[in-house]
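In what follows, a structure is listed as structure tokens, so that the remarks can point back to it.
The values are calculated or read from the model by the stated rules, or taken from the named source; none is laboratory data. Keep in mind the model is a prediction, meaning the values are calculated, not measured. Every residue, glycine among them, receives a Cβ derived from its backbone with ideal geometry; neighbour counts consider all protein chains shown.
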Amino acid sequence: MKTASLALFIFLEILIFSPAMSFPVYIPEHDVLSLNNNANEELDPSNIRLFSWNIYKGKNKGFRPSFFKFANNPGIYLFQEYYSGNNINSYIQSLENKHSVIALSYGISLWGETGVTTISSTKQSKVKTLRTNATEDFTLSTYKTSLFSWYNLKNSNDKLLVVNIHFLVSVDNRTYSNELNRIEKQINKHSGPLILAGDFNDWPKRKRILQNWLNRNKLHRVSFSPDHRTSYDGNRIDHIFYRNLKLKESWSTKTKASDHNPVAALFSI
């Protein structure tokens, strides 16, 4: 991606927070919240449907119907840029037969809290959050966070680990690599099936860093055809990676309800 385009992307990120710039950033008292808890106890290993979408804090027109269109279906739903405003909590709470967990990255006084949320038709047996050590370099010193969710599998002693990731935008390559390595330490404690998905913010100079990291950790990349992932000068930053699973199908969907298009995949074990 051209430098000018990346600069524009970062500028737009700043504009998102412009109403809150005069208020202090804080770390939320609770790293994890759960809004509803009504789902299956075990996941069917022959039909693992995963959906990932950066929702732009629910700011765009048409977000509500799009959210319900996607999230009302069975599966595991990873949303980045969760925001405690814009009625998103009420949307999550109104979902039936779902278990939702929110990992908060930071809050801004008089504005709200943000992070990632994983919503699924199967209860997480365990969750863990990992907030970045580094912060964004522009204007507000804000963090990003990842949410690790473990799922019990039917007729198996294995567990599926799903990691919902939103990476930092404006840090240098060394910091980007360091944050990847922190995630590596966590996923390599898990020997079973694994999926990582989300907004990796892997701008051109980071592509090789990310690919080397994937190779080292024996992670496979999900491809999409046709590829409707949002592109910035041909650069796509929303991904699904996996290991110890079989990829059955993948797709991406066009929408105007966010500045990112969602991606999805169907797996089996």
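Matching residues to (1) touching a Ser or Thr at 6+ places or on another chain (Cβ under 8 Å); (2) under 21 Å from residue 259 (Cα atoms); (3) surrounded by 20 or more Cβ atoms within 10 Å (Cβ to Cβ):
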site: 154; (1), (2), (3): no, no, no
site: 176; (1), (2), (3): no, no, yes
site: 192; (1), (2), (3): no, no, no
site: 212; (1), (2), (3): no, no, no
site: 221; (1), (2), (3): no, no, no
site: 230; (1), (2), (3): no, yes, no
site: 233; (1), (2), (3): yes, yes, no
Hits in region 65-116 - residues which are out of contact with any Gly (no Cβ under 6 Å at 6 or more places or on another chain) and more than 21 Å from residue 37 (Cα to Cα)
65, 66, 81, 106, 107, 108, 109, 110, 111
Residue 100 - would you say it is outside any loop (DSSP other than H, G, I, E, B) and more than 17 Å from residue 40 (Cα to Cα)?
no
I'd like to know if region 215-234 contains one or more residues that are β-branched (Val, Ile, Thr) and farther than 16 Å from residue 79 by Cα.
yes
For region 174-196 the number of residues that are touching a residue at least 60 places away in the same chain (Cβ under 8 Å) and more than 14 Å from residue 146 (Cα to Cα) is 1
Before we move on, is residue 12 outside any strand (DSSP E or B) and modelled with pLDDT under 95?
yes
Answer yes or no as to whether residue 140 is under 23 Å from residue 53 (Cα atoms), outside any helix (DSSP H, G or I), over 14 Å from the mean Cα position of the chain (by Cα) and of a type in the set (A, V, I, L, M).
no
Pick from 120, 141, 100: which is surrounded by fewer than 20 Cβ atoms within 10 Å (Cβ to Cβ) and either closer than 18 Å to residue 163 by Cβ or in contact (Cβ under 8 Å) with a residue 40 or more places away in the chain (or both)?
141
What is the residue count in region 15-37 for residues that are modelled with pLDDT under 85 and either surrounded by 15 or more Cβ atoms within 10 Å (Cβ to Cβ) or within 30 Å of residue 161 (Cα to Cα) (or both)?
5
Within region 213-235, does at least one residue satisfy the condition of being modelled with pLDDT under 95 and on the phi > 0 side of the Ramachandran plot?
yes
Criterion (among the hydroxyl-bearing types (Ser, Thr, Tyr), closer than 18 Å to residue 26 by Cβ and surrounded by fewer than 17 Cβ atoms within 10 Å (Cβ to Cβ)) met by exactly one of 90, 125, 109
109
Hits in region 226-269 - residues which are small (Gly, Ala, Ser) and free of Cβ contacts under 8 Å to residues at least 12 places away in the same chain:
231
Which strands (runs of 3 or more DSSP E) sit wholly inside region 160-269 and have at least 1 residues that are touching a helix residue (DSSP H, G or I) at 6+ places or on another chain (Cβ under 8 Å)?
194-199, 238-243
Tell me which residues, restricted to region 63-84, are over 21 Å from residue 169 (Cβ atoms), in contact with a helix residue (DSSP H, G or I) (Cβ under 8 Å, 6 or more places away or on another chain) and not hydrophobic (A, V, I, L, M, F, W, C).
64, 77
So, residue 160, is that one of a type in the set (A, V, I, L, M), surrounded by 21 or more Cβ atoms within 10 Å (Cβ to Cβ) and touching a residue at least 60 places away in the same chain (Cβ under 8 Å) or not?
yes
